[in-house]
Amino acid sequence: MSTARELVLLDGGMGRELARMGAPFRQPEWSALALMEAPESVRQVHDRFIAAGAQVITTNSYAVVPFHVGEAVFAVEGKQLAALAGQLARDAAAAASHAVRVAGSLPPTCGSYRADLFDRKQADRILACLVSALAPSVDVWLAETQSTTAEVIAVRAALDAQQQTQPLWVSYTLEDEHPDPACPRIRSGESVADAVKVAVELDAAAILFNCSQPEVMSAAVREARAVLGHLDVDLPVGVYANAFPPQSADAEANGELDELRPDLDPSGYARWASRWLDEGVSIVGGCCGIGPAHIACVHEVIAEHDHPHG
């Protein structure tokens, strides 16, 4: 079923890198604040990830939702901010010395990690704005940190409503507080197996797992590959983990600035990436807390996998 495919390197976490470099950054706006007050800093982060070897950079639209910027700001500035996020990524990709694609981030619309807060009517309104604004700038759509299949269904509907034909990459976030390796689950409690089947039914072009601790990724990858094999569907599988401890069921992504794990320094994270590549992953990058130095180390790991005797 599986064919040999090119290994693809994603970028890392935008918000933490903005904070590290001293860009405008606070709760609850998170990474959206830099779009509002210092968009050149967003471009600088894109440039840093590209310099580290990233082949796909993600638009800084994750926090351009009412959950982060507030309803009033989103109503007036949401489309403009999302369009700016797309243009900044597009400009960075165009200036790169190697081929770089732009992934349009379509985030959880009603709160990260919280499947219980999902509201389809609100999701439709928010996604319609983001898709319209980002469409001119993106090569692929990235529905990321999806906690429930209902979120992915809403994303596909939003893309179809605006006749978007770019590939859709679906990335789920995994239960990582009390994981069951025998039956990995996304944060809604739905099994990874069922989540992968839904993504396939929605014509996803890739299945990924993100914004969970590295330790839970391998079981999800194995399950995804098994389901794809059973369905006789050949799709790439990807991973981009975060660098903070397991998150409880009532946590909210970016609800607070979690301490980063010291073992997940660039070389430590690269060892996890090497394991995922050995397990058949062909798309790898980083989420919260994974910076350009991490991506540079993963770039070296990918080069070794591509040319093991070089």
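Take the alpha carbon gyration tensor of region 1-74, find the square roots of its eigenvalues, order them as a ≥ b ≥ c, and report rounded if a/c is under 1.5; if not, report prolate when a/b exceeds b/c, else oblate.
Working: a/c = 3.22, a/b = 1.73, b/c = 1.86.
Here region 1-74 falls in the oblate category.
Alpha carbon centre of region 221-246 versus region 266-298: separation in Å?
Taking the Cα centre of each part, region 221-246 and region 266-298 sit 15 Å apart.
Counting DSSP beta bridges with both partners in the chain, what percentage is antiparallel, nearest 5? Write down the numbers at each step before the final one.
On the way: 2 of 28 bridges.
Approximately 5 percent, going by the DSSP bridge assignments.
Hydropathy at least -1.0 by Kyte-Doolittle, axial extent at least 27 angstrom from the Cα trace: which helices of the chain, defined as entire DSSP H runs, fit? Show your work: numbers first, answer last.
On the way: long enough: 71-95 (34 Å, 0.56).
Within the chain the helices that satisfy the rule are 71-95.
Alpha carbon centre of region 85-101 versus region 190-205: separation in Å?
With region 85-101 and region 190-205 each reduced to a Cα centre, they are spaced 30 Å.
Shape verdict for region 1-135, please, from the Cα gyration tensor: rounded (a/c under 1.5), prolate (a/b greater than b/c) or oblate. Don't skip to the end; give the middle numbers.
Numbers: a/c = 1.83, a/b = 1.30, b/c = 1.41.
Oblate shape, in that a/c is at least 1.5 and b/c is the bigger or equal ratio.
So what is the calculated 222 nm ellipticity per residue for the chain, using -39500 (n - 2.57) for each DSSP H run with n of 4 or more, over all residues, to the nearest 500 deg cm²/dmol? The partial results should precede the final answer.
Working: 11 runs with 136 residues, N = 310.
Theoretical 222 nm ellipticity from helices: -13500 deg cm²/dmol.
With an 8 Å cut-off on Cα pairs and a minimum separation of 6 or more residues, tell me the relative contact order of region 89-195 in percent.
Details: 164 pairs, mean separation 28.3, N = 107.
Result for region 89-195 is 26 percent.
Can you pull the percent of Cα pairs in region 48-123 with separation above 21 Å?
Details: 1060 of 2850 pairs.
That fraction is 37 percent.
So, counting K/R as plus one and D/E as minus one, what does the shell of residues with Cβ under 13 Å around residue 103 add up to?
Net of charged neighbours comes to -1.
Given H placed on each backbone N at 1.01 Å, which residues far from residue 106 in sequence or on other chains put an amide H within less than 5 Å of it?
Hits under the 5 Å cutoff: 142, 143, 144.
Quick one: the Cα spread of region 8-306 along its three principal axes, in angstroms, biggest first?
Largest to smallest, the principal-axis extents are 46, 40, 35 Å.
5 Å is the cut-off here: which amide hydrogens, built 1.01 Å from N in the peptide plane, fall below it relative to residue 8, excluding neighbours closer than 5 in sequence?
283, 284
Each value in this text was obtained by applying a stated rule to the coordinates, not by laboratory testing. Computed from a predicted model, the values in this text were never measured in an experiment. Here Cβ is always computed from backbone atoms with ideal geometry, including for glycine, and neighbour counts include all displayed protein chains.
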